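What follows is one structure encoded as structure tokens, with my remarks underneath.
The values are calculated or read from the model by the stated rules, or taken from the named source; none is laboratory data. The model shown is predicted, which means the values in this text are computed figures rather than measured ones. Neighbour counts are summed over all protein chains in view; Cβ atoms, including those assigned to glycine, are modelled from backbone coordinates with ideal geometry.
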Amino acid sequence: MAARDGKSSIPAAVCAGGKWTVITGKMNRSVRAGSWVGRAELHLSTLTPTQESSGDVRAFTVRLKFHADLDFFLGSRERAGTVARGLGERTSVKDVIESCGVPHPEVDLILVDGQPVNFAHVVEEDRMVDVYPVGFLSTQFKKDRLQTISVKRFIADGHLGKLARDLRLLGFDVAYNPHAQDRQLLQTMKTENRALLTRDRRLLMHAVVQTGYCPRSQNADEQTIEVIRRFDLFDSIAPFTRCLRCNASLQKVTKADVIEKLEPLTKIYYEQFRRCTGCGQVYWAGSHFSKLQKRLEQIRGQFL
Ligand SMILES: [Zn+2]
């Protein structure tokens, strides 16, 4: 799929007046996961006149079944069953799937008439397509999986500040700049080989994104659980090892190293300190520590 100016053209098809029409739609860049209401509200910038399909490809229908929680991305009417897409030209299965609103990084397995395929697979006649998220049917089709499971480096978009902080608290490397433009976000993602965390499905559909995740919940605590589950992070949790402010790693230091920066009561009551190797922020096991312990218990409760 060609990407232009941070947007991607989504080939889609509709049945108009009994004839199949191929259209090119651009989804509104501002549409976010929580407000998705289906293709009816896509902003279609280009609409070609109705025409019978020409050449050697006849009009055909692709039926798609989105399994498990992938129906999160569908319109309410489509969630109940199979989504049908009428097409008039050869189209990659990736484009057909994304025309339904499901970003490719969310798709781990595609079966076309029961056979596993990759994103570049072209459909050109009637087909039944089963689409699975990460973790579903985990013991089957192992070599045909499309996503990387275990990722340890992330970049969060500007709306996920609480999630970024929460993941850093657990020791995960999360780049976050609330002022970054999408282009910068994608550039950092690519050059630093990070997985993209965003609830902006259009951003997640960008052709340059290889690994990413759209948190379903709008609650940061629940989002953290989702990310730990999606990227199999539970065994890598390492609290108090990363700076909440700048994401650099923390280093153990002696009290003497940091005593000039401490408040009077901190000097009296605490003996163990860590300092950020990036911004110099000093951390100690103060009141945040018990909150963190409680939070860790909650997280462990979700997985054990
Ligand atoms: Zn720092």
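Given the conditions (1) within 14 Å of the ligand (Cβ to nearest atom); (2) assigned by TED's automatic domain parsing to the domain that holds I155, report the number of the one that L233 does not fulfil.
Result: L233 passes all but (1).
Take the residues in region 233-257 that are closer than 25 Å to K294 by Cβ and of a type in the set (A, V, I, L, M); name whichever of them is surrounded by the fewest Cβ atoms within 10 Å (Cβ to Cβ).
Going through the qualifying residues, I end up with A238.
Cβ contacts < 6 Å: first residue touching a residue at least 40 places away in the same chain (Cβ under 8 Å), restricted to region 275-294; second residue in a strand (DSSP E or B) and more than 10 Å from the ligand (Cβ to nearest atom), any location; separation 6+ or different chain. Result?
Y283/R274
Could you say which residue among L163, L146, L170, L186 is in contact with a helix residue (DSSP H, G or I) (Cβ under 6 Å, 6 or more places away or on another chain) and surrounded by 14 or more Cβ atoms within 10 Å (Cβ to Cβ)?
It is L163.
Name the residue that is surrounded by the fewest Cβ atoms within 10 Å (Cβ to Cβ), counting only residues in region 196-217 that are more than 18 Å from G101 (Cβ to Cβ) and touching a residue at least 60 places away in the same chain (Cβ under 8 Å).
This residue is V208.
Residue-wise test of (1) in a loop (DSSP other than H, G, I, E, B); (2) not small (G, A, S).
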{"position": "E125", "(1), (2)": "yes, yes"}
{"position": "D130", "(1), (2)": "no, yes"}
{"position": "I155", "(1), (2)": "no, yes"}
{"position": "G171", "(1), (2)": "yes, no"}
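Of the residues F154, F141, which is free of Cβ contacts under 8 Å to residues at least 60 places away in the same chain and aromatic (F, W, Y)?
Within the list F154, F141, the selection yields F141.
Examine region 132-140 for a residue that is closer than 24 Å to A195 by Cβ, crowded, with 18+ Cβ neighbours inside 10 Å and in contact with a Ser or Thr (Cβ under 9 Å, 6 or more places away or on another chain), and state whether such a residue exists.
Checking region 132-140: not a single residue is closer than 24 Å to A195 by Cβ, crowded, with 18+ Cβ neighbours inside 10 Å and in contact with a Ser or Thr (Cβ under 9 Å, 6 or more places away or on another chain).
Across region 242-279, what is the total count of residues that are more than 23 Å from L196 (Cβ to Cβ) and within 16 Å of the ligand (Cβ to nearest atom)? Break it down into steps so the answer makes sense when it comes.
Of the residues in region 242-279, the ones more than 23 Å from L196 (Cβ to Cβ) are 250-277, 279.
Remaining after also requiring within 16 Å of the ligand (Cβ to nearest atom): 250-253, 257-258, 261, 273-277, 279.
Matching residues across region 242-279 total 13.
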